[in-house]
1. What is the local net charge at Ile133, summed over the other residues whose Cβ is closer than 15 Å to its Cβ (Lys, Arg +1; Asp, Glu -1)?
2. Sorted from largest down, give the three principal axis spans of the alpha carbons of the chain, whole angstrom values.
3. Arranged from highest to lowest average of other beta-carbon atoms within 10 Å per residue, in what order do the peptides 34-40, 11-17 appear?
4. Between the stretch 6-73 and the stretch 163-220, how many Å separate their Cα centres?
5. Going by amide H atoms built from the backbone, whose H comes under 5 Å of the H on Val51, apart from near neighbours?
6. Give me log10 I(q)/I(0) at q = 0.09, 0.23 Å⁻¹ for the stretch 111-222, Debye formula, one equal scatterer per alpha-carbon, no solvent.
7. Considering the Cα trace of the stretch 49-132, what is its radius of gyration and what is Dmax, both in angstroms?
8. Quick one: if the Förster radius is 22 Å, what FRET efficiency do Gln198 and Lys167 give, using the C-beta to C-beta distance and rounding to 0.05?
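Values in this text are rule-based calculations from the coordinates and carry no lab data. It should be emphasised that the depicted structure is a prediction, and the values quoted were computed from it without experimental measurement. Here the Cβ positions follow ideal geometry from the backbone for every residue, glycine too, while neighbour counts run over all protein chains shown.
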Amino acid sequence: MLLLQFTTSHYCRKARLALGYKGIHYQVENLTPGLHILKLKPLTGLTTLPVLLPQIEGQPQAIGDSTQILSFLESYQPEPALFLTNHEQHTEALMLEDWLDESIGTATRFVYYHFRADAGKQIDPSLFSQIVIGVIRNQYGINNSSVQLATKRLTIALEELSSRWQKSEYLVGDHLSVADIAAVALLSPLALISHYRQGYPWLFERIVQIHQLCGEQLPPGL
Ligand SMILES: N[C@@H](CCC(=O)N[C@@H](CS)C(=O)NCC(=O)O)C(=O)O
């Protein structure tokens with residue numbers, strides 16, 4: 001299988017964690033932001049990464065969107081399972097995954113790129129990096145007001161995840177699911193921000209554990 005990705009994307013990390021958890025052999029192709037659209041449009045009709053090319057006869061040519069990729073991997077190789085057998089728990093895990101994808105992954109992006117342009121500028125102060133960050137901030141409408149809203153969404157999300165992970169090792173059910181994978185991947189960029197590292201040590205412990213379980217390289221900062 002071939003995973004088309006941006007190296008720094010937390011959604012691509014989500015796909016890599018699932019591939020690693022299932023022990024599926026795959027290769028990656030890193031695309032250049034901007035030019036990626038030329039390659040993706042004819043494949044999926046979407047502009048976003050990750051995209052998985054199974055390269056297996058009888059399987060789809062290309063799968064876009066991390067949630068669709070995880071769902072494909074589950075049907076392609078059911079064990080170890082990332083879906084829960086209990087119907088209610090399965091639905092709950094899918095809903096958490098969707099919330100994490102659509103709301104929290106976006107909030108993380110806002111807070112992270114705001115940090116990289118401001119207090120975290122020294123991580124890579126080069127002109128090139130700051131131009132890329134500026135383009136991303138522009139593309140997604142990242143400014144003081146939108147970052148404030150994103151920060152509030154993250155605070156609520158972290159309360160919800162904390163209460164779930166304190167009750168059990170898993171967000172839903174009795175084994176790792178798509179919800180845990182999504183949470184760990186989509187919050188991982190916060191590892192570079194000391195305010196989050198100090199305020200939510202349990203989150204980063206869980207991020208490290210699940211990365212180790214999936215054989216995935218730890219995110220920057222950990
Ligand atoms: N819901 C999508 C979101 C993926 C996403 O937002 N990917 C970003 C990178 S982190 C992207 O490809 N952005 C480029 C673009 O929108 O053109 C998923 O789960 O795969």
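1. Values: positive: Arg109, Arg116, Lys121, Arg137; negative: Asp118, Asp124.
Within the 15 Å Cβ shell, the charges total +2.
2. 46, 45, 26
3. Details: 34-40: 13.1, 11-17: 25.1.
My ranking of the peptides, most packed first, is 11-17, 34-40.
4. Using only Cα atoms, the two centres lie 22 Å from each other.
5. Leu4
6. Here the Debye-derived log intensity ratios amount to -0.27, -1.32.
7. So, for the stretch 49-132, Rg and Dmax equal 18.0, 51 Å respectively.
8. That pair, Gln198 with Lys167, gives E of 0.40.
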